[in-house]
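J.: What follows is a single structure, and I will ask about it in a moment.
The values are calculated or read from the model by the stated rules, or taken from the named source; none is laboratory data. If you're wondering where the values come from, they're calculated on a predicted model, not measured in any experiment. No Cβ is skipped: glycine too gets one built from the backbone with ideal geometry, and neighbour counts run over all protein chains shown. We work out accessible area using only protein heavy atoms, side chains counted, and drop any ligands, DNA or RNA first. Shrake-Rupley method; radii C 1.70, N 1.55, O 1.52, S 1.80 Å.
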Amino acid sequence: CLVTRLAGHAAGLAGCEVLIAQVKTIETQRQLLEEPDLVLPLTASLTQVLRDELNRLDNEYASKHEQGRNRLAEDPNWIQLDPEQRYQLMSAQSLHEDARPKVAVQSTNDVLVTLDVCPLDKFEAFVAAIPSRFEAIAAGGAELCEPEVQFVPVSRRTLKTDTEIDAWLDETKKHLTAALQKGPVRIQ
């Protein structure tokens, strides 16, 4: 049933609890064919909630993807790569244009097809991973341009005072200077 498929995709979305409960009530009380039609308004409401969420995720994807591409455009290693190398690095992280989830939300059926291919939790995780995937692309570009580059992790912590910032800077500088003695450094 269409409305139960929609409810399944909406499970876990904030604000959908009441709609999902209504769908379950209709199913358990066998009210699918009742008059007035109880299913049609629920179908419309669930479709709209899912449409809004898909549009939000699609916009967030576009924004994060653009930020990542802009960052790469400023990366000196990325600039040196030929188009084939760039494409391979983007493809390895599933960030080439064809890898973008296809979001169609014009009709209820379009929403369901989109969600069947890319469920909300999968789409959300994919969008959340975009910045780290672009970081991996930049690292791959650095490795191609400078094979002897070292990837040096820098400690991350919460700093609360100017003294803590100065101490962190001194510690980080010593760490990077020591690593630089062994060759080019890229901060991780």
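J.: [x] 1.18; [y] 1.15; [z] 0.93: which one is Rg/Rh (Cα atoms, Kirkwood Rh) as calculated from this entry?
T.: Of the listed options [x] 1.18; [y] 1.15; [z] 0.93, [x] comes from this structure.
J.: Excluding residues on the same chain fewer than 8 positions from Lys24, give the lysines whose Cα lies under 28 Å from its Cα.
T.: Lys122
J.: What shape does region 96-139 take by its C-alpha gyration tensor, where a ≥ b ≥ c are the square roots of the eigenvalues and a/c under 1.5 counts as rounded, a/b above b/c as prolate, and the rest as oblate?
T.: Details: a/c = 4.07, a/b = 2.40, b/c = 1.69.
Because a/c hits 1.5 or more and a/b exceeds b/c, region 96-139 counts as prolate.
J.: OK, next. Run the simple label-point estimate for Glu84 and Glu97 please: 7 Å along Cα→C-beta, distance reported in nm.
T.: Result: 2.0 nm between the two label points.
J.: I've got another one for you. With springs connecting C-alpha atoms under 10 Å apart, model the chain as a Gaussian network and identify which of Thr43, Thr108, Thr172 has the largest mean-square fluctuation.
T.: Most flexible of the set in this elastic network: Thr172.
J.: Compute the distance in nm between two label points, each set 7 Å from the Cα along the Cα-to-Cβ direction, one at Ser63 and one at Ala14.
T.: 1.4 nm
J.: Whenever you get a sec, compute what percent of the accessible area on region 55-131 sits on carbon and sulfur atoms (1.4 Å probe). The partial results should precede the final answer.
T.: Values: 2240 of 4430 Å².
Accessible surface attributable to carbon and sulfur in region 55-131 totals 51 percent.
J.: For region 39-188, with only Lys/Arg (+1) and Asp/Glu (-1) charged at the beta-carbon, what is the dipole magnitude about the Cα centre, in debye rounded to 20? All intermediate terms of the calculation are to be shown ahead of the outcome.
T.: Numbers: 17 positive and 24 negative charges, 45 e Å.
Here the size comes out at about 220 debye.
J.: On to the next question. Where a Cα-Cα gap under 25 Å defines reach, which lysines qualify for Lys173, not counting those fewer than 8 residues away within the same chain?
T.: Here the lysines satisfying the reach criterion relative to Lys173 are Lys160, Lys182.
J.: Give me the number: length gained by fully extending Gln106 to Ala167, i.e. 0.36 nm times residue separation minus the C-alpha to C-alpha distance, one decimal in nm.
T.: Working: separation 61, 0.36 × 61 = 21.96 nm, distance 5.53 nm.
Result: 16.4 nm gained on full extension.
J.: Mean Kyte-Doolittle of at least -0.5 plus a Cα span of 30 Å or more along the axis: flag which DSSP H helices in the chain meet both, please. Walk me through the intermediate numbers first.
T.: Numbers: long enough: 39-73 (50 Å, -0.74); 120-145 (37 Å, 0.72).
Span-like helices here: 120-145.
J.: Counting only helical runs of four or more DSSP H residues, what would the 222 nm mean residue ellipticity of the chain come to if each run contributes -39,500 (n - 2.57) and the total is spread over all its residues?
T.: Details: 8 runs with 126 residues, N = 188.
One gets -22000 deg cm²/dmol as the mean residue ellipticity at 222 nm.
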